[in-house]
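The values are calculated or read from the model by the stated rules, or taken from the named source; none is laboratory data. Predicted model only: the values in this text are computed from it and were never measured. Quick reminder, even Gly has a Cβ in these numbers, built from the backbone with ideal geometry, and neighbours come from all protein chains shown. Surface accessibility is based on the protein's heavy atoms, side chains included, excluding ligands, DNA and RNA. Shrake-Rupley method; radii C 1.70, N 1.55, O 1.52, S 1.80 Å.
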Amino acid sequence: MLFRSNRFYTVEFFKEISRILNNGGIFSLSVTSSENYINEPLANFLKSIYSSLKAIFKDTIIIPGNTAVFISCNEKGILTDNPAAIIKTIKERCLNTLYVNESYLPFRMSRDRLDYINTSVLSAQNSAVNKDFKPIGYYYNTILWSAYFSENIRTIFEFLYNLKYKEQIFVFLPLIFLIPFIIVKGKRSITAAVYTTGFSVISLEVLIILSFQILNGYIYSAIALITAGYMGGLAFGGWVFIKIINSKSKTYLWLRRIQFIFILLPLLGLFTFYTVSEMQTTGIFTTAFLFILLIITGFLGGGHFQLSNALYMRSSPGRNWGTVYSIDLFGSCIGAALISSILIPLAGIYTTCIYLSILNLTGFTALTFYKTAK
């Protein structure tokens, strides 16, 4: 399951399917599974999909195999996992089936196989419902497939997932929020603010792209326009604040203002994502909301870079001209990696926005070190 396809396995998607089904209608989906052995990562993955279906449909059964088939119905008493009953129905209705026949069904749906997959899935305790704005199913699938490439990577993902909420704070906060203070030393506090902004700007861009896909159901036909909107805002913000830079004191003042706005911007993003997700209509209204947020993010990101670079070069003449740019790229790199692979699946989009707000608060605080160091 890729991030782009996760939305087809969420409670929200299943709710929409149930809405358009006739009474007694049946919905089916299939995912990669295992024929004879289901380990814990696979059980958690299957349980997440099963729990998401059960949250919407009144009845759900699982057919085992290399491909596990989930069949759901919005009425009780219609589904059956008895192969003899299915074969009888096929004969009564004179259905011409090629693979689903008297020889295949009793093997595929033998009682020991059905009992094994149901026991394995239902006994998975460490599994949660998959949602649009908290795609934990994607994380389960990441753990599952990481075992094919590196057991160490799988161990890391499992360790992060098994952390309780308070333990996650002690892991993520030092990793993300204390890095600015590690690189702070006197006038280098400017680079701390650059790091937090680089992290936040790329993270907000990822959040907006994912939210656009979740809410509109597509992304590829709009990705060029989305990228152009962000880059346009970035360029315009850089151009505007180049014009503003004319004194050291004014540059510092504007930098502090933008850094403060970046504390509020993720919260604005949270409000925007929640608002558009609750709207009954999508399309132009959803796109307008997200594009405005995207352009604002790019505009402020471009202005922040110009201001911080100018202030850094004035405060540290003779230093490497690429220092601020490298720190900005470093923050963007860390943000892009953590936001998509860990923070969004584990914390959800809404909580991630709060984390970003706290991160920018550390950047704002770091700028005070510059003031005291002058």
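With the requirement that a residue be in contact (Cβ under 8 Å) with a residue 24 or more places away in the chain and open to solvent by 50 Å² or more (accessible area, probe 1.4 Å), what does segment 132-147 give you? Residue satisfying the conditions is 134 alone. Of the residues making up segment 5-36, those that are in a helix (DSSP H, G or I) and surrounded by 14 or more Cβ atoms within 10 Å (Cβ to Cβ) number 9. Every test in (1) in contact (Cβ under 8 Å) with a residue 24 or more places away in the chain; (2) more than 20 Å from the chain's Cα centre (by Cα) is passed by residue 84 save one, and that test is (1). Residues in segment 255-286 that are over 30 Å from residue 311 (Cβ atoms), more than 19 Å from the chain's Cα centre (by Cα), part of a helix (DSSP H, G or I) and of a type outside the set (Phe, Trp, Tyr): 284 alone. Scanning segment 65-84 for residues that are touching a strand residue (DSSP E or B) at 6+ places or on another chain (Cβ under 7 Å) and open to solvent by less than 20 Å² (accessible area, probe 1.4 Å) turns up 68, 70, 72, 73.
Consider segment 240-295 and keep the residues that are basic (Lys, Arg) and modelled with pLDDT of 80 or more. The one that is surrounded by the fewest Cβ atoms within 10 Å (Cβ to Cβ) is 243. When segment 148-157 is filtered for residues that are open to solvent by 50 Å² or more (accessible area, probe 1.4 Å) and either at positive phi or touching a helix residue (DSSP H, G or I) at 6+ places or on another chain (Cβ under 8 Å) (or both), only 153 remains. Taken over segment 92-131, the residue count meeting the criterion of being touching a residue at least 60 places away in the same chain (Cβ under 8 Å) and not small (Gly, Ala, Ser) is 8. Among helices (runs of 4 or more DSSP H) entirely within segment 81-141, having at least 3 residues that are in contact with a helix residue (DSSP H, G or I) (Cβ under 9 Å, 6 or more places away or on another chain) and farther than 14 Å from residue 38 by Cβ singles out 83-92, 104-108. Within segment 154-169, is there a residue that is modelled with pLDDT under 60, over 16 Å from residue 351 (Cα atoms), in a helix (DSSP H, G or I) and not polar (S, T, N, Q)? No, because not a single residue in segment 154-169 is modelled with pLDDT under 60, over 16 Å from residue 351 (Cα atoms), in a helix (DSSP H, G or I) and not polar (S, T, N, Q). For segment 37-55, how many residues meet the condition of being farther than 12 Å from residue 71 by Cα and either without any contact (Cβ under 8 Å) to a residue 60 or more places away in the chain or assigned to a helix (DSSP H, G or I) (or both)? Qualifying residue count for the region: 13. Scanning segment 348-374 for residues that are modelled with pLDDT under 85 and open to solvent by 10 Å² or more (accessible area, probe 1.4 Å) yields a count of 8. Here is a check on your reading of the model: is residue 99 closer than 22 Å to residue 215 by Cα and among the hydroxyl-bearing types (Ser, Thr, Tyr)? Spelling it out, it is not the case that residue 99 is closer than 22 Å to residue 215 by Cα and among the hydroxyl-bearing types (Ser, Thr, Tyr).
Within segment 225-239, how many residues are under 23 Å from the mean Cα position of the chain (by Cα), of a type outside the set (Phe, Trp, Tyr) and open to solvent by less than 70 Å² (accessible area, probe 1.4 Å)? Result for segment 225-239: 4.
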